[in-house]
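Input: a single structure, listed below in structure tokens.
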Amino acid sequence: MAPKTKSPRPLSDAALELIARRFAVLAEPMRLRLLHALFAGEQSVNELVKLTGGTQANVSRHLQTLAQAHLVARRKEGQQVFYAIADPSIFQLCAQVCGSMEQQLSRQAGAFSR
């Protein structure tokens, strides 16, 4: 039986729209890779390309989307552009979702090994 949780307070239509947009931004695997790479701290675009295996153009496009959603901050130093996590709530959100997914995968792996 699932643990009982208290009901969330009602949200306005405007708030629900903003929340849906936030989840839509996070619904792209490359953006999640980029955020995960940024958990270690600020990174240059070149470093993010290496860490994620994406192309320069693809990584830059996704970083722009993350920046427009205020999830990452951009800083330019000479010709280099650096990105960092701008919204610290993303750490808690990712920990919650990733932890839940790890548990689910573990349960599934256990069921398959029987």
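Observations, loosely collected:
- One residue from Leu38, Leu34 being touching a helix residue (DSSP H, G or I) at 6+ places or on another chain (Cβ under 7 Å) and either closer than 20 Å to Phe91 by Cα or in contact (Cβ under 8 Å) with a residue 40 or more places away in the chain (or both): Leu34
- Every test in (1) under 18 Å from Arg21 (Cβ atoms); (2) of a type outside the set (S, T, N, Q); (3) modelled with pLDDT under 95 is passed by Ala111 save one, and that test is (1).
- Restricting the search to helices (runs of 4 or more DSSP H) fully inside the range 12-63 and requiring at least 1 residues that are β-branched (Val, Ile, Thr) and within 18 Å of Ile85 (Cα to Cα) gives 13-26, 45-52.
- Residue identified as more than 16 Å from the chain's Cα centre (by Cα) and among the acidic types (Asp, Glu) among Glu42, Glu17, Glu28: Glu17
- Neighbours by Cβ (under 9 Å, 6+ apart or cross-chain): first from the range 80-106, among the hydroxyl-bearing types (Ser, Thr, Tyr); second exposed (fewer than 12 other Cβ atoms within 10 Å of the Cβ): Tyr83/Arg75
- Residue in the range 72-90 that is assigned to a helix (DSSP H, G or I) and either surrounded by 13 or more Cβ atoms within 10 Å (Cβ to Cβ) or of a type outside the set (S, T, N, Q) (or both) present: yes
- Of the residues in the range 35-54, not one is loosely packed, with under 11 Cβ neighbours inside 10 Å and either among the basic types (Lys, Arg) or modelled with pLDDT under 80 (or both).
- Cβ-Cβ under 8 Å pairs, at least 6 apart or on other chains, the range 11-29 side touching a residue at least 12 places away in the same chain (Cβ under 8 Å) and closer than 23 Å to Leu51 by Cα, far side part of a helix (DSSP H, G or I) and of a type in the set (Val, Ile, Thr): Val25/Thr65; Glu28/Thr65
The values are calculated or read from the model by the stated rules, or taken from the named source; none is laboratory data. As the structure is a computational prediction, the values presented were derived from the model and not from experiment. Methodologically, a virtual Cβ is constructed for each residue, glycine included, from the backbone with ideal geometry; neighbour enumeration extends over all protein chains shown.
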